[in-house]
Amino acid sequence: MHNNVALEIWEYTRQIVKNTIGTQAEVKGFEWSDGGGLFNKVFKVNTTDGNFILKIECDKIFFATRKDQIENEVLGNEMFQKAGIPCANILAYDFTKNNNMKARYIFTECLSPDWLNLDDFDETTRAEIKRQVQIVIEKEQHITNSHFGSLSPSGTLGWHETYDGYYHSTLNLLIKDGDDYGVFTDEERETVKMAAETPLVYSKKYNPTFVHGDLAYHNLIWGNINGGENKLYVIDFGNAYFGLPYMTEIYGIRREGVDIIDVLGLERNLYENNLISDFERMFWRETERLTEDYTYCREWMISSVEAAKKDKSRTHITDFVEKCRKILQK
């Protein structure tokens, strides 16, 4: 992969390695890591002192709720480690582009193997993994904040004292993204705008709770660092925010055969009418169409991007607008 890595990335990574690992360490090469996507390029850096991970934020991120990737990586990792949830240690990062790579990045320890596939393990190990998954989810729910929104008070989503404030502000950011990329017709935009302004109906007071944003098995690793004890690690905090409790579990890892909303006594209306999630799913398809550099995406994602670019239909948009209409009719 040497020929596919820009010279400035190669040279600056050598500096990072010497500053964090030691002057004796040398970069031997780069490998593509099966963790890249539309928002980041992820490399495994091979050195004379072992392997490390370099994640570089993409230049263009097409919708607001997926920005601040590197800040979220750093802050989310810190919060999880403080909560006693295993994560790879961060060795270096830069929130700016004022470096030789001209990129926002994070440099961390490398976990082995790269990702979790339950089918690769025996029944006893699978049971232990699932047990540790539940521990992770329970610990995550104890990471709280004074405000809803971004992990950082200066983040794109802002900080909001109420969930209503966060919800309506975030929808307005997404509507602006839709305007910037010409997603909606005038009539569709008006429908979406009206639905976004509809007051939320709920009676309980919810505390702002950490939401990983993509807590699924591809972001869990049953492995180790440098040959240590195997345990469950969590990676990829780029989409994290403070939101409703158990949002991660409902949209990511579900308890088998259990309706989490009912078990926890949560208000179903507040979850099922959550336009942010539907908006993001709709915008994902648009992002695939707009993305130009997807060389380092996962294989299934590359196929999905190429299919999206060929597909000229608007079904994903009209389906979302139809949900907005149904909300207005209630």
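The values are calculated or read from the model by the stated rules, or taken from the named source; none is laboratory data. Bear in mind the structure is a predicted one, so any value in this text is a computation, not a measurement. FYI the Cβ positions are ideal-geometry reconstructions off the backbone, even for glycines, and counts take in every protein chain you see. Just so you know, the surface numbers come from the protein's heavy atoms only, side chains and all, with ligands and any DNA or RNA stripped out. Shrake-Rupley method; radii C 1.70, N 1.55, O 1.52, S 1.80 Å.
Work from the charge dipole of the chain (Cβ charges, +1 for Lys and Arg, -1 for Asp and Glu, about the Cα centre) and give the residue of 62, 166, 17 farthest towards its positive end.
166
If ligands, DNA and RNA are left out, what is the accessible area of residue 79 with a 1.4 Å probe, given in Å² to the nearest 10?
Its heavy atoms expose roughly 50 Å² to the probe.
Counting only heavy atoms of protein chains, what accessible area per residue, in Å², does segment 1-158 have with a probe of 1.4 Å?
47 Å²
Computed from these coordinates, which is P(r) over Cα pairs in 20 Å bins from 0, in percent: (i) 30, 62, 7; (ii) 26, 49, 23, 2, 0; (iii) 29, 58, 13, 0?
Step by step, P(r) over Cα pairs in 20 Å bins from 0, in percent for this structure corresponds to label (iii).
For the pair residue 142 and residue 46, what calculated FRET efficiency results from E = 1/(1 + (r/R0)^6), where r is the Cβ-Cβ distance and R0 = 30 Å, to the nearest 0.05?
In this case the efficiency is close to 0.20.
Going through the cross-link list 67/323; 82/323; 205/231; 55/312, which pairs have a Cα-Cα distance over 28 Å in this structure?
Too far apart for the 28 Å limit: 82/323; 205/231; 55/312.
Relative to the longest principal Cα axis of the chain, at what angle does helix 163-180 sit, 0 to 90 degrees, rounded to 10?
On a 0 to 90 degree scale, this one is about 80.
Run the numbers on the chain and let me know its relative contact order in percent, using alpha-carbon pairs under 8 Å that are six or more apart.
Relative contact order, the chain: 19 percent.
In whole Å, what three semi-axes, largest first, describe the equivalent ellipsoid of segment 5-68 built from its Cα gyration tensor (square root of 5 times each eigenvalue)?
Semi-axis lengths for segment 5-68 are 25, 12, 10 Å.
Where the accessible area of the chain is counted over protein heavy atoms with a 1.4 Å probe, how much of it, in %, is carbon and sulfur?
48 percent
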